[in-house]
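Written out below as structure tokens is the structure these notes cover.
Any read-out appearing in this document is the output of simple, stated calculations on the displayed coordinates, not a laboratory observation. If you're wondering where the values come from, they're calculated on a predicted model, not measured in any experiment. FYI the Cβ positions are ideal-geometry reconstructions off the backbone, even for glycines, and counts take in every protein chain you see.
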Amino acid sequence: MAGFVVDDHRRLVIKVGSSLLIGDDGHVDRTWLAGLAADVAQLHGDSHELLIVSSGAIAIGSNVLGINKRRAKLEDLQAAAAAGQVQLAHAYSEALAEYKVTTAQVLLTPEDTENRHRFLNARGTLGRLIERSVVPVINENDTVATEEIRYGDNDRLAARVAQLVMADALILLSDVDGFYTADPASDVAAEHIPEVFAITQEMLCMAGETRSDIGSGGMATKVQAARIATHAGCSTVIANGVVDRPLSTLAAGGRCTLFRAAGTPAAARKQWLAGVLEVRGELRLDDGAVSALHSGNSLLPVGVVEAVGNFRRGDVVILVDPRGNELGRGLAEYSYEEAVQLAGCQSDKIEDVLGYRGRSVMVHRDELVIFNSDS
Ligand code: GLU
């Protein structure tokens, strides 16, 4: 049967829009948030890994500072975001503390996900939080974001986060229960589409430019987000969040639109890596490293014999076996200069060699592809 099966997806990004979270009085709707927290805690207890992308900072802060969002200047909105974000993060941390779930606030700018040299940083931090069973609560860093350099809407931010952490599913909680052939609020002939296998240009046009009063996203940004995420191997769901327990409702078969990803996040990442044209250098490996990589492990500095080229952290480098064959490629966690110093070094000696604390791996296993191998 068609439909979204939550249990088939381990790592989930949940996107919460301002219109769900913020009541008419401009404050966090604590009752709704308590229901969401109960659902998040339950999934967390069932071994799902969750990340929440939540809007609401500007809406809350505008209320606190008495700013009229529609007439506000950019600086006013940035000030509102600064005042509102504290309360937003606090509301989540309180709501989830009821269930002994720890949260962490992460504020991102497009540089953190779009720029390869920066994205390893955000990925490393989010990965470590998830490993420690913490639920990150993520928003755009609106306080420093300007019109030209911002995600603009949290649907896109959530899709980029899903791509970054290689999430299995992205759940966009909305005030509608999915994608329709037209705006159901204004067209009685609008038909609900339960499942989408490929996002077409026609669908993007159908999604139109509908906007809700509080948030900045509409159906168009959701479909665009679904396109980003599904290309990254992450299935995307648009589901109704205007219910007490939105995630349990979805898990119980609540109506939604499921945009199916063609492959897995790992396959999409490897396909992307394999296709990157701009390769900046080489890491020549010993036999121990080659067999470690074939077993699915990360590349440690100790397995590197030599670094060649001129690469920065985040650049693609070729991995070469002792016979000079190209084994695969991956994203370098270190620059060329650092890699030269670290070649052959045990991971616990990295700080002694570099003089500062570094990453324990040279190339992370999620960021490498081995050619002619199933691993
Ligand atoms: N980042 C904005 C906020 O927290 C919201 C963006 C959106 O609504 O999509 O207020």
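Taking square-rooted eigenvalues a ≥ b ≥ c of the alpha carbon gyration tensor, is the stretch 276-375 rounded, prolate or oblate, where a/c under 1.5 means rounded and, failing that, a/b exceeding b/c means prolate? Let's see the in-between values first.
Working: a/c = 1.65, a/b = 1.34, b/c = 1.24.
Prolate, because a/c is 1.5 or more and a/b exceeds b/c.
Hey, with R₀ at 35 Å, roughly what FRET efficiency would ASP25 and LEU74 work out to, going by the Cβ-Cβ distance, to 0.05?
After rounding to 0.05, the efficiency reads 0.85.
Pulled fully out, how much extra length does the chain show between GLN42 and GLN271, if you take 0.36 nm times their separation in residues and subtract their Cα-Cα distance?
79.0 nm
Where does helix 30-45 land angle-wise versus the long Cα axis of the chain, in degrees 0 to 90, nearest 10?
Once rounded, the angle reads 30 degrees.
Which order do peptides 82-95, 337-350 fall in by mean Cβ count within 10 Å, highest first?
Ranking the peptides 82-95, 337-350 by packing returns 82-95, 337-350.
If the reach is capped at under 17 angstrom between alpha carbons, list the lysines near LYS222, excluding any in the same chain fewer than eight residues apart.
By straight Cα distance, LYS222 reaches LYS15.
Filter the trypsin sites (Lys or Arg not before Pro) in the stretch 218-261 down to the DSSP loop ones having no more than 15 other Cβ atoms within 10 Å, then list what survives.
Hits after loop and neighbour filter: ARG255, ARG260.
If I stretch the segment between ASP175 and VAL188 completely, what's the gain in nm (0.36 nm per residue apart, minus their alpha carbon distance), one decimal?
Extra length from ASP175 to VAL188 when fully extended: 3.0 nm.
Which distance in nm do the two modelled labels at GLU278 and TYR99 give, with both placed 7 Å along the Cα-to-Cβ direction?
So the two model labels end up 4.2 nm from each other.
Shape call for the chain from the C-alpha gyration tensor, a ≥ b ≥ c root eigenvalues: rounded (a/c under 1.5), prolate (a/b greater than b/c) or oblate?
Cα axes put the chain in the prolate bin.
Need the list of aspartates and glutamates near LYS349 for cross-linking: C-alpha distance under 14 angstrom, and skip anything on the same chain fewer than eight residues off.
Of all the aspartates and glutamates, those that pass the test against LYS349 - Cα under 14 Å, at least 8 places apart if same chain - are GLU338.
When you count, for each residue, the other Cβ atoms within 10 Å and take the mean per peptide, how do 24-34, 104-114 rank with the highest first?
On the way: 24-34: 14.9, 104-114: 18.3.
For the peptides 24-34, 104-114, the packing ranking is 104-114, 24-34.
Sort VAL101, VAL369, VAL353 so the one with the fewest other Cβ atoms within 10 Å of its own Cβ comes first.
VAL353, VAL101, VAL369
So which aspartates and glutamates can LYS73 reach, going by Cα to Cα under 19 Å and dropping same-chain residues fewer than 8 places off?
Counting by Cα, and skipping residues close in sequence, LYS73 has these aspartates and glutamates nearby: GLU140, ASP142, GLU147, GLU148, ASP153, ASP213.
When the helix-only estimate is applied to the chain (DSSP H runs of n ≥ 4, each -39,500 (n - 2.57), divided by the residue count), what is the mean residue ellipticity at 222 nm, nearest 500 deg cm²/dmol?
-11000 deg cm²/dmol
Using 0.36 nm per residue, how much length does the chain from LEU354 to ALA34 gain when fully extended, once their Cα-Cα distance is taken away?
Details: separation 320, 0.36 × 320 = 115.20 nm, distance 4.67 nm.
Taking LEU354 through ALA34 to full extension adds about 110.5 nm, to one decimal.
Farthest toward the dipole's positive end in the chain, which of ALA307, GLY254, GLY23, given Cβ charges of +1 (Lys, Arg) and -1 (Asp, Glu) about the Cα centre?
ALA307
Given points 7 Å out from each Cα along the Cα-Cβ axis, report the GLN87 to HIS117 separation in nanometres with one decimal.
Using points 7 Å along Cα→Cβ, the separation is 3.9 nm.
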